[in-house]
Number of protein chains: 2
Amino acid sequence: MSFQGEQYPGVQSPTAESDGFRLNHTMLRVKDPERALAFYTRVFGMRVLCRLDFEEMQFSLYFLARPEAGESVPEATGERTVWTFGQRGVLELTHNWGTEEQADFAYHDGNAEPQGFGHICFSVPDLEAAEAWFDANDVEFVKRSDQGKMKNVVFVKDRDGYWIEVVQAERLAALGD
Amino acid sequence: MSFQGEQYPGVQSPTAESDGFRLNHTMLRVKDPERALAFYTRVFGMRVLCRLDFEEMQFSLYFLARPEAGESVPEATGERTVWTFGQRGVLELTHNWGTEEQADFAYHDGNAEPQGFGHICFSVPDLEAAEAWFDANDVEFVKRSDQGKMKNVVFVKDRDGYWIEVVQAERLAALGD
């Protein structure tokens, strides 16, 4: 029998009604899309799968992902939009037009009060190589792997100040035991 | 040649340094883990892949995902933890011990001021069936599919008030054109 999930108070078994549900994306608002896109495409190697503009409501949405090797992303726009909403691990960046020109404008990271959202997380093949890559790109660190109580866990900030956790999966085996 | 990503100001081509990076999870703080786990396991069919307790710092982390049909999740805890951090589409729920007993305690959803994080999104096979399922589970709606400007897009709230977008991918083809 395959793994059915750990049991804790509240946990229930999935029923047929949620068959096919898939956690597709996480949305973060960004002040300046050029700055945010430069960061996520260069530093984290993401690609812009589609952009949706809503002129009447004055905002644009950018959907980014890292297609795995061998995954084929459709070229045709409509087909690609459908593909995008069927994936996992997509990042949606919302740009409310004009915020990039407001000197004092900044979004709330969710870690300062009032708290809520905490971070997104990337896993990487080599944590030290990733840290060197972040340094080479002037990425701000919240915590390096050799700092604090949780070794092997890195936190950096994106250009809007949102926290990004960075881990190397196979180093975390001991956490679960 | 396969799709290389849409080009907008700021967008850069990925380099070798980010090979293998993978958007693994999104972390949200929750007030009451029993309430949150009941919601995400029953309504969205997620499974608890692992739980990590940090007694000294008085918090617990729950990692949830929806393994796809045919995906094999390791039974052994350490191996399963490693597997979890190598996936896409994982939801991490953080429980700071004791918040569930504070009557007035609530987390910030990121959509009220100060804004930042917006929502997570699930894609589903049948949007009307999903809406009926949400109603059957007393899920609070922000917007039904037939309301507002964006037809075919549903927003509900989880038990902490975080927004969850719900879409049926193939209905969104026209958005991209």
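Overview of values
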| read-out | value |
| --- | --- |
| Check on residue B:104, in contact (Cβ under 8 Å) with a residue 24 or more places away in the chain, under 20 Å from residue B:158 (Cβ atoms) and in a loop (DSSP other than H, G, I, E, B) | no |
| Residue within segment A:90-101 that is modelled with pLDDT of 95 or more, crowded, with 22+ Cβ neighbours inside 10 Å and more than 16 Å from residue A:37 (Cβ to Cβ) present | no |
| Some residue of segment A:57-80 being β-branched (Val, Ile, Thr), out of contact with any Gly (no Cβ under 7 Å at 6 or more places or on another chain) and either more than 18 Å from residue B:11 (Cα to Cα) or in contact (Cβ under 8 Å) with a residue 60 or more places away in the chain (or both) | no |
| Subset of segment B:88-99 [within 20 Å of the chain's Cα centre (by Cα) and more than 8 Å from every other protein chain (Cβ to nearest Cβ)] | B:93, B:95, B:96 |
| Segment B:58-77, residues that are within 8 Å of chain A (Cβ to nearest Cβ) and open to solvent by 70 Å² or more (accessible area, probe 1.4 Å) | B:72, B:75 |
| Of all residues making up segment B:16-44, the number that are open to solvent by 40 Å² or more (accessible area, probe 1.4 Å), without any contact (Cβ under 8 Å) to a residue 24 or more places away in the chain and outside any helix (DSSP H, G or I) | 2 |
| Residue within segment B:113-124 that is part of a strand (DSSP E or B), open to solvent by 20 Å² or more (accessible area, probe 1.4 Å) and in contact (Cβ under 8 Å) with a residue 40 or more places away in the chain present | no |
| Whichever residue in segment B:28-56 is charged (D, E, K, R) and within 13 Å of the chain's Cα centre (by Cα) and, among such residues, is farthest from the other protein chains (Cβ to nearest Cβ) | B:29 |
| Residue check, residue B:161 modelled with pLDDT under 95, open to solvent by less than 80 Å² (accessible area, probe 1.4 Å) and either in contact with a strand residue (DSSP E or B) (Cβ under 6 Å, 6 or more places away or on another chain) or outside any strand (DSSP E or B) (or both) | no |
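The values are calculated or read from the model by the stated rules, or taken from the named source; none is laboratory data. No experiment lies behind these values; they were computed from the predicted model shown. A quick note on method: Cβ atoms are made from the backbone with ideal geometry, for glycine too, and the neighbour counts reach across all protein chains shown. Side chains are part of the model used for accessible areas, which takes the heavy atoms of the whole protein and leaves out ligands, DNA and RNA. Shrake-Rupley method; radii C 1.70, N 1.55, O 1.52, S 1.80 Å.
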